[in-house]
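A short write-up of the structure that comes next.
The values are calculated or read from the model by the stated rules, or taken from the named source; none is laboratory data. All values reported here derive from a predicted model rather than from experimental measurement. All Cβ positions, glycine included, derive from the backbone under ideal geometry; neighbour counts span all protein chains shown.
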Amino acid sequence: MHPFWIIILSMLGALILFMVIRTLMVRPKPICKTDYTPRDIDIQKVAAHLAGAVQIPTVSMKHNDMDGSVFLQYQKYLEKTYPLIAARAEKININQYAVLYFIRGRDESLLPAAILAHQDVVPAPEEGWEVPPFSGIIKDGYLYGRGSQDMKSQMIVALEGLELLLHEGREPRRSIYFCFGHDEELTGKEGALQISAYLEKRGVRLEYVIDEGGTILDGKIFGINNKIALIGTCEKGYADIRLEVEKPGGHAATPARRTSVGILAEAICEIEHNPKRTRWTLPVKQMIKSLAPHMKFVYRFIFVNRDVLSPLLKWVLSVVSPFTNGIVRTTMAATQTQGAHTPNTLPTKAYANINCRLNTGDTAEETRAYIQDLVGKKVKVSIEDGYRDPSPVSSIDGKAYGALERTIREVFPGYVVAPYPFIAASDAKYYYNLTDQVFRFTPFEKTEDDANRIHAENERQSVESLRQGTLFFLRLYENTCF
Ligand SMILES: [Zn+2]
């Protein structure tokens, strides 16, 4: 063999050896056992409480000056259902329908914890539902109804957990805020944003914030023979980017060679064929670091040697599932188009909306410029109002993350816990002004079928899942507030 090839092959051999040794050094950690014994939870009672909440149709209001009395009725229901919390809490309505319940702890030197949930739900036209959408009917082990998952279930178990501890006569050391906005499904600007501004104005600092989001997944996707519980440490930004093409209109019988719709269609194709590049952001690196020790050897080899195998791994993540694609890049999805109002007219203006979810480190303006570059000058590209750049990333080295991780391990024994970038949106993004410990976790296991029912027909929550949900919050309070 030519000496050149001998040198190349031995270098390659050395590299592979190095990569193997490096992989072996990341040892599969035994998941530590805890001595936590869960207590009995009366899940039928919790389900009945949730059914009552679902029966109050708190659909988000388009404007805050509409009649929101249903939200006040909903709050009355909560106070009746959780009398010990209601008796202790200082209640503050903000912007009329958002509500804060403040439960003072014994030790005022401790910063309060904040438990977030939104009262509002998306609309539910009856068509396609097996049961009336606001009936809260329980059948086949599921509680049906709009909001049963998103997110009255989380609000109910969060209250349930504290009510149970108060019922045992225990007194919290740390103060707790329940922060319940009423327009998360729209923007959160009338609810969560106002609550956080209210607290900031009063000089309140928080120990941590916990909101919906985060998820429990089958670990197979990462070569892990176990369930994984992901805690959202940040959330992606949001921008609707408008494409607009103007051309002289007229009768469709005498079209010009190029029409505004044709140019617009070409622009959309261009965007779909040129996704933004994938990047290793801090939250993704942290996620990989937490998951890698639990992966099968081949997966571990690839992830541990991320620097060497980067192009391959990024490609795999971007094609393996929409979820993994969403965590490694800014996504751009065409969601709306409009041309003429009648079929035989050439529109003067054609427009499309590109819904962009911005990865940590990207911005709306930079994404707009990227799209403008792709589609050229024939298309006007602008950012619609209401955009939001990505949130900061919460630290995973603080006490709050540690307590959250421990609580999940106790309540979901054997699960691998890891931080990750939350790819949807939540009210939590408005709370970074009060703490850098803002986390998202939804303590329910669900099937893919159940997850697909969120915002759709036949939304439902498994009654059995309310057990771990309640235990999760109860234990979180015990670990952090009692
Ligand atoms: Zn929600």
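Being surrounded by fewer than 22 Cβ atoms within 10 Å (Cβ to Cβ) and at pLDDT 95 or above: is that true of Tyr387 here?
Details: surrounded by fewer than 22 Cβ atoms within 10 Å (Cβ to Cβ): yes; at pLDDT 95 or above: no.
Taking the combined requirement at face value, the residue does not satisfy it.
Being in a strand (DSSP E or B), more than 16 Å from the ligand (Cβ to nearest atom) and over 17 Å from His49 (Cβ atoms) is the filter here, so list the residues in region 100-144 that pass it. Steps first, please.
Filtering region 100-144 for residues in a strand (DSSP E or B) gives 100-103, 113-118, 121, 138-139, 142-144.
Now narrow it down to the ones that are more than 16 Å from the ligand (Cβ to nearest atom): 100-103, 113-114, 138-139, 142-144.
Leu100, Phe102, Ile103, Ala113, Ala114, Lys139, listed by residue number.
Look through region 190-212, keep the residues that are within 16 Å of the ligand (Cβ to nearest atom) and buried (at least 23 other Cβ atoms within 10 Å of the Cβ), and return whichever of them is farthest from Ile156 (Cα to Cα).
Glu190
Okay, residues lined up against (1) in contact with a strand residue (DSSP E or B) (Cβ under 9 Å, 6 or more places away or on another chain); (2) among the aromatic types (Phe, Trp, Tyr); (3) not assigned by TED's automatic domain parsing to the domain that holds Ala340:
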| residue | (1), (2), (3) |
| --- | --- |
| Asn225 | no, no, yes |
| Ile228 | yes, no, yes |
| Leu243 | yes, no, no |
| Lys247 | yes, no, no |
| Ala252 | yes, no, no |
| Pro255 | yes, no, no |
| Val261 | yes, no, no |
| Glu266 | no, no, no |
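Counting only residues that are of a type in the set (D, E, K, R) and over 14 Å from Ile354 (Cβ atoms), which one in region 374-384 is surrounded by the fewest Cβ atoms within 10 Å (Cβ to Cβ)? Explain how you work it out, then say what you get.
From region 374-384, those of a type in the set (D, E, K, R) are 377-378, 380, 384; that's our starting set.
Applying the additional criterion that residues be over 14 Å from Ile354 (Cβ atoms) yields 377-378.
Values: Lys377: 7, Lys378: 14.
Among those that are of a type in the set (D, E, K, R) and over 14 Å from Ile354 (Cβ atoms), it is Lys377.
Looking at Ser148, Ser153, can you tell me which residue is in contact with a strand residue (DSSP E or B) (Cβ under 9 Å, 6 or more places away or on another chain), under 27 Å from Arg453 (Cα atoms), in a helix (DSSP H, G or I) and touching a residue at least 40 places away in the same chain (Cβ under 8 Å)? Break it down stepwise before answering.
Values: Ser148 fails: in a helix (DSSP H, G or I).
Being in contact with a strand residue (DSSP E or B) (Cβ under 9 Å, 6 or more places away or on another chain), under 27 Å from Arg453 (Cα atoms), in a helix (DSSP H, G or I) and touching a residue at least 40 places away in the same chain (Cβ under 8 Å) holds for just one of Ser148, Ser153, which is Ser153.
With (1) buried (at least 19 other Cβ atoms within 10 Å of the Cβ); (2) within 16 Å of the ligand (Cβ to nearest atom) as the list, and Ala424 as the residue in question, which single condition is left unmet?
So the condition that Ala424 fails would be (1).
Would you pick out the residues in region 150-189 that are buried (at least 24 other Cβ atoms within 10 Å of the Cβ), among the charged types (D, E, K, R) and over 19 Å from the mean Cα position of the chain (by Cα)?
Glu160
Taking region 157-179 on its own, how many of its residues are within 30 Å of Gly386 (Cβ to Cβ) and within 16 Å of the ligand (Cβ to nearest atom)?
Just the residues of region 157-179 that are within 30 Å of Gly386 (Cβ to Cβ), to begin with: 158, 177-179.
Keeping just the survivors that are within 16 Å of the ligand (Cβ to nearest atom) gives 158, 178-179.
So the answer is 3.
What are the pairs with Cβ atoms under 6 angstrom where one residue, in region 178-190, is part of a strand (DSSP E or B) and the other, located anywhere, is within 13 Å of the ligand (Cβ to nearest atom)? Sequence gap at least six, or different chains.
Close Cβ pairs (under 6 Å, with a partner that is within 13 Å of the ligand (Cβ to nearest atom)) amount to Cys179/Leu116; Phe180/Ala117; Phe180/Gln119; Gly181/His118; Gly181/Gly188; Gly181/Gly191; Gly181/Ala192; Gly181/Asp427.
Name the one entry in Gly232, Gly223, Gly191, Gly181 that is over 20 Å from Leu111 (Cα atoms) and at pLDDT below 95. Before the answer, list the steps.
Values: Gly232 fails: at pLDDT below 95; Gly191 fails: at pLDDT below 95; Gly181 fails: at pLDDT below 95.
Selected residue: Gly223, the only one of Gly232, Gly223, Gly191, Gly181 that is over 20 Å from Leu111 (Cα atoms) and at pLDDT below 95.
How many residues does region 221-255 hold that are closer than 30 Å to Tyr387 by Cβ and crowded, with 19+ Cβ neighbours inside 10 Å?
So the answer is 14.
Does region 245-255 contain any residue that is free of Cβ contacts under 8 Å to residues at least 24 places away in the same chain and part of a loop (DSSP other than H, G, I, E, B)? I'd like the intermediate steps shown before the answer.
From region 245-255, those free of Cβ contacts under 8 Å to residues at least 24 places away in the same chain are 254; that's our starting set.
Cutting the leftovers down to part of a loop (DSSP other than H, G, I, E, B) gives us 254.
Within region 245-255, one or more residues are free of Cβ contacts under 8 Å to residues at least 24 places away in the same chain and part of a loop (DSSP other than H, G, I, E, B).
Criterion first (farther than 30 Å from Ile408 by Cβ, in contact with a helix residue (DSSP H, G or I) (Cβ under 6 Å, 6 or more places away or on another chain) and either not assigned by TED's automatic domain parsing to the domain that holds Leu206 or not acidic (Asp, Glu) (or both)) does Tyr97 satisfy it?
Spelling it out, Tyr97 is indeed farther than 30 Å from Ile408 by Cβ, in contact with a helix residue (DSSP H, G or I) (Cβ under 6 Å, 6 or more places away or on another chain) and either not assigned by TED's automatic domain parsing to the domain that holds Leu206 or not acidic (Asp, Glu) (or both).
Residue check: is Tyr415 more than 16 Å from the ligand (Cβ to nearest atom), of a type in the set (Phe, Trp, Tyr) and out of contact with any strand residue (DSSP E or B) (no Cβ under 6 Å at 6 or more places or on another chain)?
No, not satisfied.
Are any of the residues in region 358-370 among the small types (Gly, Ala, Ser), surrounded by fewer than 22 Cβ atoms within 10 Å (Cβ to Cβ), within 16 Å of the chain's Cα centre (by Cα) and not in a helix (DSSP H, G or I)?
no
Which one is nearest to Glu207 (Cα to Cα) among residues in region 439-482 that are more than 15 Å from the ligand (Cβ to nearest atom), aliphatic (A, V, I, L, M) and in contact with a Gly (Cβ under 9 Å, 6 or more places away or on another chain)?
Ranking the qualifying residues of region 439-482, first place goes to Leu476.
Given (1) more than 16 Å from the ligand (Cβ to nearest atom); (2) under 19 Å from Ala424 (Cα atoms), identify the lone condition not met by His182.
(1)
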